[in-house]
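**Student:** Take a look at this one; I'll ask things after.
The values are calculated or read from the model by the stated rules, or taken from the named source; none is laboratory data. Treat the numbers as computed from the prediction; the structure is a model and nothing was measured. Ideal geometry is used to build each Cβ from the backbone, glycine not excepted, and the neighbour counts take in all protein chains shown.
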Amino acid sequence: MDYGSILSDSFQYAKGCVWGNARRWFLLLVSMIIFPFILGYCVRIYRGEQPAPELEQWGNLFVDGIKLFVIEVIYAAPVILLILISFLPFFSTIISTGVLSQEFTAMTDTQADQFLSSHPEILSALGTMVILIIIAIVLAIIIGIFSFIGTVRFARTGSVAEAFNFTAILATIRRIGWIKYLLALIVIGVIGLVYGFVMDIVMMIPVIGFVLWFILYPPLIIFVSRYAARVYDAGEVQTAAQLE
């Protein structure tokens, strides 16, 4: 897998989609407000359309976007549920023990330490919450490994069920190579973190910060979608090479 080529192609793809095309950029901004449209546009990119497709056939865009949204919700549901399960007992414990009461907030540090030591269930609930959150993070990583390929598979096959065809997803990952695939996910993850850090700084600019974030977000979505499509294609190219 040529990561440099994939990154360069994804960047040029995103640039070609919006740079010098104010109309398409504006339509993408509108699509972000009515989010199924931007998700539907991602589906078209996942399908490998090149150059970047126009925003047209809005009904199909909306339907594809809803399908992709449902897929993402299903993938995210176990993590969301586990996080809720981790927080609820902890908050229930601190409420029942009076940690949120005015009396507790008015205590000195010494009194607060004595209060907490007399209620070991608080630390127990906190420990349980931390463990469950760690499990949720690990689960989110595992789900991300499958969903990254699964969403593209849905776009290529047109079947929502194929987004959860884990046997086929694993076969694609094996064709790419586990090390290569995981490295590809790390690369896009690092890019996302850097971009997020920069956007956090931009957001600190009063008023205009949010406007800049909103304007610059569509190219990132297009870049990531194209990147996912290219990573998926690496498995398909490998298959073709094996057949020769």
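**Student:** For the stretch 91-183, give me every one of the helices (runs of 4 or more DSSP H) that falls completely inside it and has 2 or more residues that are at pLDDT 95 or above and under 30 Å from Y46 (Cβ atoms).
**Tutor:** 120-157, 166-176
**Student:** Go through the stretch 132-170 and count every residue that is free of Cβ contacts under 8 Å to residues at least 12 places away in the same chain and among the β-branched types (V, I, T).
**Tutor:** Looking only at that region, the number is 7.
**Student:** Sticking with this one: Filter the stretch 57-77 down to the residues that are out of contact with any helix residue (DSSP H, G or I) (no Cβ under 6 Å at 6 or more places or on another chain) and touching a residue at least 60 places away in the same chain (Cβ under 8 Å), then identify the one that is farthest from S147 (Cα to Cα).
**Tutor:** Here the residue is K67.
**Student:** Here is a further query. Has the stretch 207-226 got any residue that is loosely packed, with under 14 Cβ neighbours inside 10 Å, more than 18 Å from the chain's Cα centre (by Cα) and not in a helix (DSSP H, G or I)?
**Tutor:** Yes - at least one qualifying residue is present in the stretch 207-226.
**Student:** If you don't mind, there's one more thing I want to ask. Based on this model, can you work out whether E54 counts as in contact with a Lys or Arg (Cβ under 9 Å, 6 or more places away or on another chain), part of a loop (DSSP other than H, G, I, E, B), on the phi < 0 side of the Ramachandran plot and without any contact (Cβ under 8 Å) to a residue 60 or more places away in the chain?
**Tutor:** Spelling it out, E54 is indeed in contact with a Lys or Arg (Cβ under 9 Å, 6 or more places away or on another chain), part of a loop (DSSP other than H, G, I, E, B), on the phi < 0 side of the Ramachandran plot and without any contact (Cβ under 8 Å) to a residue 60 or more places away in the chain.
**Student:** Still on this model: Inside the stretch 8-25, can you point out the residues that are exposed (fewer than 14 other Cβ atoms within 10 Å of the Cβ) and part of a helix (DSSP H, G or I)?
**Tutor:** Correct list: S8, A22, R23.
**Student:** I would also like to ask the following. Taking the condition of being of a type in the set (K, R) and either under 22 Å from V79 (Cβ atoms) or in contact with a strand residue (DSSP E or B) (Cβ under 9 Å, 6 or more places away or on another chain) (or both), how many residues in the stretch 142-183 meet it?
**Tutor:** 1
**Student:** With respect to V30, determine if the residue is assigned to a helix (DSSP H, G or I) and touching a residue at least 60 places away in the same chain (Cβ under 8 Å).
**Tutor:** It is false that V30 is assigned to a helix (DSSP H, G or I) and touching a residue at least 60 places away in the same chain (Cβ under 8 Å).
**Student:** When only residues in the stretch 45-67 that are within 18 Å of the chain's Cα centre (by Cα) and closer than 27 Å to V211 by Cβ count, which is surrounded by the fewest Cβ atoms within 10 Å (Cβ to Cβ)?
**Tutor:** Across the stretch 45-67, the extreme among qualifying residues is G65.
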